[in-house]
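Asker: First the structure, then my questions, so here it is.
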Amino acid sequence: MTQLWAAMPYISYEFSGADARHFLQGQVTQDINRLVADSCRYAAYCTPKGRMLAAVVLYCDSDNRLFMRIHKRQQETVIKRLKRFVLRADVNITQQPCKVLGLNRSMAEALCRQSNVDLPKPLQSKALPIDCCKARLNALPNDYYELIINPQDMSWIERMGQSNTDALNCYRLRAGHFNILPETSEMFMPQQTPLADWDGISYQKGCYVGQEIIARNRYLAKGKMIKCFAVANLKHRVELFPGDKVNDHSKSIGQVIEYHHGEENGVCLALLPHHYIGKQCQVGGMSLLFSRIGEQLKEEQLNE
């Protein structure tokens, strides 16, 4: 497989202080007690109505150092809200001077070979000391990885090949890793996203923002027609934007979450009812066949 990497529009914040863990436990869907040293986990940050404002990656290099990776276009909204609830708690929220790179499995393996460490398993986080540089590799589900690195240390990864933003984003979407942007903010609930399968939602821990509605929706949705994320390949470049409609002929059935196009084809990530997976839907004047998250990626790996 071709080695893919690209700088992503993400930024990291450190949460420090004696109350940092307790504070985050009451804000996001993830059980912070499961975030131990050298681990990483997805979480949702929601409104009191249980609607997602952001999908974040939480990672930890020690028991007392917690970090949150978030999309740059949502950072102002989310960090401003979080700081509003700190009040008198001993919590410091500090932006980190680092870059976040997205990687496919082949690139992650190459970096691990250079640093003489084993490839981290999903939801593990490992330090990669290379050429006196310090970087951290977060292993996320479906063979997608993120590298946290200081900007001044970029030269060693650039020597391994040029970045390919379009190809990496197509790979990311096939694996189900999505961004929430202002256009799709508050559009859906955590259970409708891959976070439900990636242990990104806790139903056992105490209260957090939106918890009551999220928990209630878990049981109300059982046995009913609910929506989920799905992906489709596009052979031709089209104009698609987050929030665009997915149709069954003249009937609107869902929305586009993200769309990216590489050199050969594009990938559309959308929210639509479960029973439309495997059926033809219309998006942007094209007929598309949507599949479950990760299925296309597995087929590509088997064909290589």
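The values are calculated or read from the model by the stated rules, or taken from the named source; none is laboratory data. Predicted model only: the values in this text are computed from it and were never measured. Cβ coordinates were reconstructed from backbone atoms using ideal geometry, including for glycine residues, and neighbour counts include every protein chain displayed.
Asker: Can you list residue pairs whose Cβ atoms sit under 7 Å apart, with the first residue in the stretch 149-176 being part of a strand (DSSP E or B) and the second being surrounded by 22 or more Cβ atoms within 10 Å (Cβ to Cβ)? Count only pairs 6 or more apart in sequence or on different chains.
Answerer: I149/L101; I149/A135
Asker: Hey, among the residues in the stretch 37-58 that are of a type outside the set (A, V, I, L, M, F, W, C) and crowded, with 23+ Cβ neighbours inside 10 Å, which one's farthest from R216 (Cα to Cα)? Explain how you work it out, then say what you get.
Answerer: To start, the set of residues in the stretch 37-58 that are of a type outside the set (A, V, I, L, M, F, W, C) comprises 38-39, 41-42, 45, 47-51.
Remaining after also requiring crowded, with 23+ Cβ neighbours inside 10 Å: 41-42, 45.
Working: R41: 23, Y42: 21, Y45: 17 Å.
Restricting to residues being of a type outside the set (A, V, I, L, M, F, W, C) and crowded, with 23+ Cβ neighbours inside 10 Å, the top hit is R41.
Asker: Return the residues of the stretch 195-238 that are in a helix (DSSP H, G or I) and either of a type in the set (S, T, Y) or surrounded by fewer than 22 Cβ atoms within 10 Å (Cβ to Cβ) (or both); say none if nothing qualifies. Explain how you work it out, then say what you get.
Answerer: Here is the first cut: in the stretch 195-238, the residues in a helix (DSSP H, G or I) are 195-196, 211-220.
Correct list: A196, Q211, E212, I213, A215, R216, N217, R218, Y219, L220.
Asker: Still on this model: Residues in the stretch 206-223: is at least one touching a residue at least 24 places away in the same chain (Cβ under 8 Å), at negative phi and touching a Pro at 6+ places or on another chain (Cβ under 7 Å)?
Answerer: Looking through the stretch 206-223, at least one residue is touching a residue at least 24 places away in the same chain (Cβ under 8 Å), at negative phi and touching a Pro at 6+ places or on another chain (Cβ under 7 Å).
Asker: I need a count of the residues in the stretch 241-270 that are among the charged types (D, E, K, R), in a strand (DSSP E or B) and under 28 Å from S163 (Cα atoms).
Answerer: First pass over the stretch 241-270, keeping only residues among the charged types (D, E, K, R): 244-245, 248, 251, 258, 263-264.
Keeping just the survivors that are in a strand (DSSP E or B) gives 245, 248, 251, 258.
If we keep only those that are under 28 Å from S163 (Cα atoms) as well, we get 258.
The qualifying residues number 1.
Asker: Out of everything in the stretch 1-22 that is under 16 Å from R81 (Cα atoms) and either touching a helix residue (DSSP H, G or I) at 6+ places or on another chain (Cβ under 8 Å) or not assigned by TED's automatic domain parsing to the domain that holds E76 (or both), what residue ends up being surrounded by the fewest Cβ atoms within 10 Å (Cβ to Cβ)?
Answerer: Across the stretch 1-22, the extreme among qualifying residues is Y13.
Asker: Could I ask something else about it? Taking the stretch 85-123, which residues are outside any loop (DSSP other than H, G, I, E, B), of a type in the set (G, A, S) and surrounded by fewer than 19 Cβ atoms within 10 Å (Cβ to Cβ)?
Answerer: First, pick out the residues of the stretch 85-123 that are outside any loop (DSSP other than H, G, I, E, B): 92-95, 99-115.
Imposing the further condition that a residue be of a type in the set (G, A, S) reduces the set to 102, 106, 108, 110, 115.
Of everything in the stretch 85-123, those that are outside any loop (DSSP other than H, G, I, E, B), of a type in the set (G, A, S) and surrounded by fewer than 19 Cβ atoms within 10 Å (Cβ to Cβ) turn out to be S106, A110, S115.
Asker: K126: within 30 Å of Y45 (Cα to Cα), free of Cβ contacts under 8 Å to residues at least 24 places away in the same chain and part of a strand (DSSP E or B), yes or no?
Answerer: On the way: within 30 Å of Y45 (Cα to Cα): yes; free of Cβ contacts under 8 Å to residues at least 24 places away in the same chain: no; part of a strand (DSSP E or B): yes.
So K126 fails the test.
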